[in-house]
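None of the figures in this text is laboratory data; all of them are computed from the coordinates on show. What you see is a predicted model, and the numbers here were worked out from it, not measured in a lab. Using ideal geometry, Cβ is built from the backbone for each residue, glycine included, and neighbour counts are taken over all protein chains shown.
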Amino acid sequence: MPSKPTLSPEAQQAFLRGLIERVASASQGPRPPVVVFDLDGTLLDNRPRTVAILREVASVWETTRPESSRILASVEVENIVYGLADSLAPIGVTDEAQVAEAHTHWRARFFTDEMLRHDVPVEGATQFVRAVYDAGATVVYLTGRDLPNMSLGSWQSLRDHGFPIGVAGTELVCKPAFEISDEVFKRDQAPLLRRLGDVVASFDNEPGNCNLFLRTYPQAASVLLDTQHSNQAPPLDPGVIVLRNFAF
Ligand SMILES: [Mg+2]
């Protein structure tokens, strides 16, 4: 959990509006303002992707494991937390072999272009990214999704949800290979974003990444989206701002 309280809706609105103004005035300067957004758990809620995969498991299990199949067929977004086993236990799927089988299917499907169409934008995300883009920001989507398996689906999902993509001043930056850890990838990429302009803000749902951006760009706002994050997350730097969503 973030060590810092999440901003109230009013404070969140004031912060996000202030950031749009900051971008607008910085865009008059010599170097473009850059705003960096993570995708999963930041701009996009990927829990519906997991729900869709569990429904696939439900149909595979229909005759072999009818009881668990029924449970998985009725799973809702609200049941999904960070770890799959932690999502399944409270709804009554605890058998080790079943959890392992569901996990194998989930892992084979979750990190694929095809399933990204199930993701939905976090509240206000589309409007906010459009607003900073229209105010003159270069928008960078910096994601732990990998280029071979997830870049085309990411591009399509961003386009279909109305995020600025495929236009001057936008970038989609993906991991070159699935095996690279998100943490290592972002640590290597963060300093390179200087070549695009002056980073003024970054948004991520992982405390470790928020701490990294605060260290790399101390003048910029580093923002945590308080959605879901890894169970092994480090403590959040007190300088990081915590938001519930992007409503402004
Ligand atoms: Mg994320």
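Observations, loosely collected:
- Magnitude of the charge dipole for the chain, about its Cα centre and with charges confined to Cβ atoms of Lys, Arg (+1) and Asp, Glu (-1), is about 720 debye.
- In sequence order, calculated HN-Hα J values of the range 91-105 (Karplus, 6.51, -1.76, 1.60; Hz; x Gly/Pro): 9, x, 9, 10, 4, 4, 5, 5, 4, 5, 5, 4, 5, 4, 5
- A simple count of charges around residue 53, restricted to other residues whose Cβ falls under 13 Å of its Cβ and scoring Lys, Arg +1 and Asp, Glu -1, yields +2.
- Between the beta carbons of residue 81 and residue 188, assuming R0 = 30 Å, the FRET efficiency works out to 0.55 to the nearest 0.05.
- Seen from residue 177, the other residues with C-beta closer than 15 Å to its C-beta sum to a net charge of -2, counting Lys and Arg as +1 and Asp and Glu as -1.
- Here's the picture: charge each Lys and Arg Cβ at +1 and each Asp and Glu Cβ at -1 in the chain, and of 115, 155, 104 the one pushed furthest to the positive end of that dipole is 155.
- For the chain, share of DSSP beta bridges that run antiparallel, in % to the nearest 5: 10 percent
- If you wrap the Cα atoms of the range 47-116 in a convex hull and average its projected area over all directions, you get 4.1 nm².
- For the chain, the spread of Cα coordinates along the three principal axes comes to 65, 36, 30 Å, biggest extent given first.
- Our coupling estimate for the range 217-231, obtained by passing each phi through the Karplus curve with A = 6.51, B = -1.76, C = 1.60 and θ = phi - 60°, is 10, x, 7, 8, 7, 10, 10, 9, 8, 7, 10, 10, 8, 4, 6 Hz, Gly and Pro reported as x.
- Simple spin-label estimate for residue 117 and residue 178 in nanometres, 7 Å along Cα-Cβ: 2.1 nm
- The residue list 46, 25, 135 was ranked by how far each Cα lies along the charge dipole of the chain toward its positive end, using unit charges on Cβ atoms, and 25 comes out on top.
- Extension gain, residue 95 to residue 108: 0.36 nm times the residue separation minus the Cα-Cα distance gives 2.7 nm.
- Taking a ≥ b ≥ c as the square roots of the eigenvalues of the alpha carbon gyration tensor, the range 174-248 is oblate, as a/c is not under 1.5 and a/b does not beat b/c.
- On Cα atoms only, tilt of 125-134 relative to the major axis of the chain in degrees: 20 degrees
- The relative contact order of the range 114-215, computed from alpha carbon pairs under 8 Å that lie at least 6 residues apart in sequence, is 27 percent.
- Angle between the chain longest axis and helix 47-60 axis [Cα atoms, degrees, rounded to 10]: 20 degrees
- Taken over the Cα atoms of the range 9-99, the convex hull encloses 123 Å³ per residue.
- Computed 3J(HN,Hα) for the range 193-202, one whole-Hz value per residue from the Karplus formula 6.51 cos²θ - 1.76 cosθ + 1.60 where θ = phi - 60°, is 5, 4, 5, 8, x, 9, 5, 9, 7, 9, glycine and proline marked x.
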